[in-house]
Amino acid sequence: MPSLRLLRVDADALSGDRHALARLIAEARPDVACVHGAPSLLRWRSACAAIAREAGLVVVAGGRTAGGALLLSTLGVDVEVARELGFAPRRRFRGPRPPGAAIAAMRVGGRPFVVAAARLHGDPADRQRQGDELQQALAELGDGRPALVSVADPRPDRPASAALAAGRVPLPGGLLVDERIAVVDAAEVPGSGARADVTVP
């Protein structure tokens with residue numbers, strides 16, 4: 001079974017230092033990186049691309065249109081389909097990063113999987129609805145593939161996060177790994193991140 005390293009990192013914890021973010025990602029040597037708090041203001045697309053280049057990766061999906069969730073990968077991972085979701089809370093959202101998600105159907109070593117980086121926001125009802133939308137998107141795009149999910153600011157005591165964790169193993173830093181995927185190693189990454197080394201069935 002092919003191996004895969006997944007990284008989850010919180011860009012906000014690095015005080016907007018994009019070079020430090022890129023270094024953190026590069027030093028972790030991930031195959032796929034889920035970046036939360038990605039650039040979402042002026043020229044955010046070029047800023048996300050610059051972070052990816054400096055980290056030695058490419059942009060898969062995300063950024064402002066995905067609630068500040070950004071997916072990056074190496075060229076060794078095949079990206080089949082990528083989507084960005086915007087979750088609109090019932091109340092008008094103010095700020096550069098409304099809730100949303102970046103999702104991609106991928107393959108590594110010929111084995112299919114789906115990965116998502118998401119930001120849920122709002123009251124419990126909003127978060128529940130956003131979690132349901134994310135689950136539906138994972139089911140549609142993944143088409144039965146095992147999923148790797150990274151959630152910003154997870155709240156395991158809330159119904160939305162509990163629903164996302166169903167059938168998935170919770171790991172450090174808000175990573176949720178499908179029970180069909182074997183976790184070889186998982187650890188916190190200094191600088192507000194987490195990584196998981198897994199094998200895809």
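The values are calculated or read from the model by the stated rules, or taken from the named source; none is laboratory data. Values in this document were obtained by computation on a predicted structure and should not be read as measured data. Backbone-built Cβ (ideal geometry, glycine too); neighbour counts: all protein chains shown. Surface areas here come from the heavy atoms of the whole protein model, side chains and all, with no ligands, DNA or RNA. Shrake-Rupley method; radii C 1.70, N 1.55, O 1.52, S 1.80 Å.
In summary, strands (runs of 3 or more DSSP E) completely within the stretch 161-201 and bearing 3 or more residues that are open to solvent by 30 Å² or more (accessible area, probe 1.4 Å) and over 22 Å from Ala101 (Cβ atoms) occur at 182-189. In the stretch 89-140, the qualifying residues are those that are assigned to a loop (DSSP other than H, G, I, E, B) and modelled with pLDDT of 95 or more, and the one that is surrounded by the most Cβ atoms within 10 Å (Cβ to Cβ) is Gly109. From the list Leu4, Leu21, the one residue that fits, being at pLDDT 90 or above, part of a strand (DSSP E or B) and open to solvent by less than 20 Å² (accessible area, probe 1.4 Å), is Leu4. Reported count of residues in the stretch 155-194, each being of a type in the set (A, V, I, L, M, F, W, C) and closer than 19 Å to Ala137 by Cα, is 9.
With respect to the stated conditions, Val58 fails to be on the phi < 0 side of the Ramachandran plot and touching a residue at least 40 places away in the same chain (Cβ under 8 Å). Taking the stretch 169-187 as the range and being under 16 Å from Arg8 (Cα atoms) and not hydrophobic (A, V, I, L, M, F, W, C) as the test, the residues that pass are Pro170, Pro172, Gly173, Gly174, Asp178, Asp185. Restricted to the stretch 7-18, and to residues there that are part of a strand (DSSP E or B) and open to solvent by 10 Å² or more (accessible area, probe 1.4 Å), the residue that is modelled with the lowest pLDDT is Asp10. Regarding the stretch 52-68, can at least one residue be identified that is of a type in the set (Gly, Ala, Ser), in contact with a His (Cβ under 9 Å, 6 or more places away or on another chain) and crowded, with 24+ Cβ neighbours inside 10 Å? Checked against the condition, which is being of a type in the set (Gly, Ala, Ser), in contact with a His (Cβ under 9 Å, 6 or more places away or on another chain) and crowded, with 24+ Cβ neighbours inside 10 Å, the stretch 52-68 yields at least one hit.
For the stretch 26-50, the tally of residues that are more than 19 Å from Ala104 (Cα to Cα), under 16 Å from the mean Cα position of the chain (by Cα) and in a helix (DSSP H, G or I) stands at 1. Scanning the stretch 1-28 for residues that are touching a residue at least 60 places away in the same chain (Cβ under 8 Å) and hydroxyl-bearing (Ser, Thr, Tyr) yields a count of 1.
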